[in-house]
Amino acid sequence: PYDSDKLIQEAIIRAFAQRRVEARIVFENDLLNIPVETLDAIKTAKQIFKAGDGQQESGEWFEMLGNWPDFNVFKQWVRQEDPVYYDATWPELQFSDQSLEGLNRNFDDMAFAAIIEYLDQHPEVNRVYYKQASRTLAKNALKHHGDIYMGNYTYLNHYDLMGQSPNVPADVWRMLEGKLIDPLRFIDRYEVSDPEGTVMYSDINPREAQIWADGAYQQGHLYMIPSQSGGRYPYSRINYPTTGDTWLEAIQSRTNGVIASTNSHASNHARIEVHLKDGYIDRIDGGGLYGDGMRLALAYPKINELIWPDNPNPGFWWLYEAGTGTNPKYFKHPREILIGQNLSERNAGGVIHWSFGASVSAFRDTENFRETNQMPTGHAMHHHTLLPTYQVRLRDTG
């Protein structure tokens, strides 16, 4: 990002140079030839939320990760159904110049296009790190350069280095993750609880357990329920981040219980309870504006009736994700609290972020389904459990 701490970036370059590795840190604004002042003006216009504005998760993050063909169709439906929620979630941004509005809307696409052009011109570059989240989406967006995309770039400021996460030896980190994944194929039940009120369980059959074990790996972000492992080509545990060529069929969760939270990727929010029945959202209690946004999305026309590609049962709002942070040194950035953000928390070891959807973005019929039905094919509505107790039962030994 253009506003990354320049001193930290210089330190990163020097550290790699000492190891005889050439590291190039290329800022987005330089690639796009956009003045820093222009991006500062956009940033200022967008800084309208604060801590507690949980509707950012059901608004901006639903747009980013929902994989909609045209999110504006959904937004206009929301505007008709609940104008108060709409105005709170998508307030009109006051740009100092009208040209900034279009730049803000198209910036991500422009940045990816510029990176692809840069990599086309510099074939000597054999590793790429970019973005602070959504590695799978970033890998796909880099198109023919996706195979050299290693993951997110998270060393933006002194907080990233103070946390000591780079000091965790890679082989120890990989070993810890392996010890979590290795038993998965032998599990026939999982149970989760936490102090905020989360309590849920699901039985797992042998087919689901096998798919779970085969697809659970993503470095620093393990998939700790079977549904997230299915509907994808799995990451390699040996040659990460390459993916295998064996398609893992989609699994729909059969979890029952309650997810209770006060934090999401976007911010914190009033306490919410998401009640699950056989894996699908049954009802949503509380949550303030975030809860209002979830209840609206649950009522979107046809979203509970259509059958998504590679899925056996209808509906979008299945429990999909249990992304689990595994780096024991990672910690939540203090300055995020000041501006109403919370993205770094998901990377802290032991934190599980839950979300919902029918995420089959890699499936062959997905694009046609999206365009024909004007529906999302990603996932959305994250909930963080900070102190979870996660228990499993082995099939043969109990």
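The values are calculated or read from the model by the stated rules, or taken from the named source; none is laboratory data. Small disclaimer: the values here were computed from a predicted structure and weren't measured. Here the Cβ positions follow ideal geometry from the backbone for every residue, glycine too, while neighbour counts run over all protein chains shown.
Need the failing condition index for Glu57 against (1) closer than 27 Å to Gly102 by Cβ; (2) not in a helix (DSSP H, G or I), just the number.
Result: Glu57 passes all but (2).
Any chance the range 197-218 includes a residue that's surrounded by fewer than 19 Cβ atoms within 10 Å (Cβ to Cβ), polar (S, T, N, Q) and in the same structural domain as Ile284 (by TED's automatic domain parsing)?
yes
Does Arg24 satisfy the criteria of being modelled with pLDDT of 95 or more, outside any loop (DSSP other than H, G, I, E, B) and not assigned by TED's automatic domain parsing to the domain that holds Gly378?
Answer is no for this residue.
Look at the range 150-165 and say how many of its residues are touching a residue at least 24 places away in the same chain (Cβ under 8 Å) and either assigned to a helix (DSSP H, G or I) or closer than 18 Å to Phe27 by Cβ (or both).
Adding up the residues that qualify gives 10.
Suppose we filter Glu81, Glu124 for residues that are modelled with pLDDT of 95 or more, outside the structural domain of Leu343 (by TED's automatic domain parsing) and surrounded by fewer than 15 Cβ atoms within 10 Å (Cβ to Cβ); which single one remains?
Of Glu81, Glu124, the one residue that is modelled with pLDDT of 95 or more, outside the structural domain of Leu343 (by TED's automatic domain parsing) and surrounded by fewer than 15 Cβ atoms within 10 Å (Cβ to Cβ) is Glu124.
Check Met162, Met175 and return the single one that is surrounded by fewer than 19 Cβ atoms within 10 Å (Cβ to Cβ) and not assigned by TED's automatic domain parsing to the domain that holds Ala348.
Met162
Go through the range 352-374 and give me each residue that's in contact with a helix residue (DSSP H, G or I) (Cβ under 6 Å, 6 or more places away or on another chain) and buried (at least 19 other Cβ atoms within 10 Å of the Cβ).
If the condition is that a residue be in contact with a helix residue (DSSP H, G or I) (Cβ under 6 Å, 6 or more places away or on another chain) and buried (at least 19 other Cβ atoms within 10 Å of the Cβ), then His353, Val360 are the ones that fit.
Which pairs do you get when a residue that is more than 18 Å from Lys139 (Cβ to Cβ), found in the range 238-250, comes within reach of a residue that is part of a loop (DSSP other than H, G, I, E, B), reach meaning Cβ atoms under 6 angstrom, with the pair 6+ apart or on two chains?
Short answer, once both residue conditions are applied: Glu249/Gly230; Ala250/Gly230; Ala250/Gly231; Ala250/Asp310; Ala250/Asn311; Ala250/Val360.
What's the number of the only condition in (1) surrounded by fewer than 17 Cβ atoms within 10 Å (Cβ to Cβ); (2) at pLDDT below 95; (3) of a type in the set (Val, Ile, Thr) that Ile42 fails to meet?
Among (1) surrounded by fewer than 17 Cβ atoms within 10 Å (Cβ to Cβ); (2) at pLDDT below 95; (3) of a type in the set (Val, Ile, Thr), Ile42 violates only (1).
So, Ile116, is that one surrounded by 13 or more Cβ atoms within 10 Å (Cβ to Cβ), touching a residue at least 60 places away in the same chain (Cβ under 8 Å) and outside the structural domain of His384 (by TED's automatic domain parsing) or not?
The answer is no for Ile116.
If I ask for residues that are aliphatic (A, V, I, L, M) and under 25 Å from the mean Cα position of the chain (by Cα), which ones from the range 75-87 would you list?
Val78
So Tyr118 clears everything in (1) over 30 Å from Asn368 (Cα atoms); (2) of a type outside the set (Asp, Glu); (3) assigned to a helix (DSSP H, G or I); (4) within 22 Å of the chain's Cα centre (by Cα) except one condition, right? Which one?
Of (1) over 30 Å from Asn368 (Cα atoms); (2) of a type outside the set (Asp, Glu); (3) assigned to a helix (DSSP H, G or I); (4) within 22 Å of the chain's Cα centre (by Cα), only one is false for Tyr118: (4).
Only strands (runs of 3 or more DSSP E) wholly contained in the range 192-302 count here; list those with 3 or more residues that are at negative phi, of a type in the set (Val, Ile, Thr) and at pLDDT 95 or above.
The qualifying strands (runs of 3 or more DSSP E) are 256-263.
Give the residue that is surrounded by the most Cβ atoms within 10 Å (Cβ to Cβ), with candidates limited to residues of the range 88-100 that are under 25 Å from the mean Cα position of the chain (by Cα) and in a helix (DSSP H, G or I).
By that ranking, first place goes to Thr89.
Are there any strands (runs of 3 or more DSSP E) wholly within the range 325-398 with 1 or more residues that are among the small types (Gly, Ala, Ser), touching a Cys at 6+ places or on another chain (Cβ under 7 Å) and not assigned by TED's automatic domain parsing to the domain that holds Tyr190, and if so which?
Here the list is empty.
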